[in-house]
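The values are calculated or read from the model by the stated rules, or taken from the named source; none is laboratory data. For clarity, every value in this text was computed on a predicted model and none was experimentally measured. Virtual Cβ from ideal backbone geometry, glycine too; neighbours counted across all protein chains shown.
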């Protein structure tokens with residue numbers, strides 16, 4: 001857990017319902033700090049963190065291959081199923 005200093009707490013409390021954004025100086029990635037109740041609501045109502053099915057993974061792989069120009073590789077379409 002990260003503890004905020006007094007100045008950071010003031011900014012967070014003054015931001016109201018707006019999300020508090022954090023930027024990593026090392027990677028440039030942006031993160032959003034949410035109250036726990038907001039996070040739980042989003043996770044419960046809208047966020048699906050279940051593992052992907054084999055069908056979903058195959059669809060993603062097919063789409064990535066198509067974008068990479070692999071649509072002419074028909075010899076790989078009829079490979080035997082793995083055990």
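What residue, among those in the range 4-17 that are assigned to a loop (DSSP other than H, G, I, E, B) and within 16 Å of residue 35 (Cβ to Cβ), is modelled with the highest pLDDT? Working first, answer last.
Of all residues in the range 4-17, those assigned to a loop (DSSP other than H, G, I, E, B) come to 4-5, 15-17.
With the extra rule that they be within 16 Å of residue 35 (Cβ to Cβ), the set shrinks to 4, 15-17.
Numbers: 4: 82, 15: 69, 16: 67, 17: 65.
Per the stated criteria, the residue is 4.
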Taking the range 21-37 on its own, how many of its residues are assigned to a loop (DSSP other than H, G, I, E, B) and closer than 15 Å to residue 4 by Cβ?
2
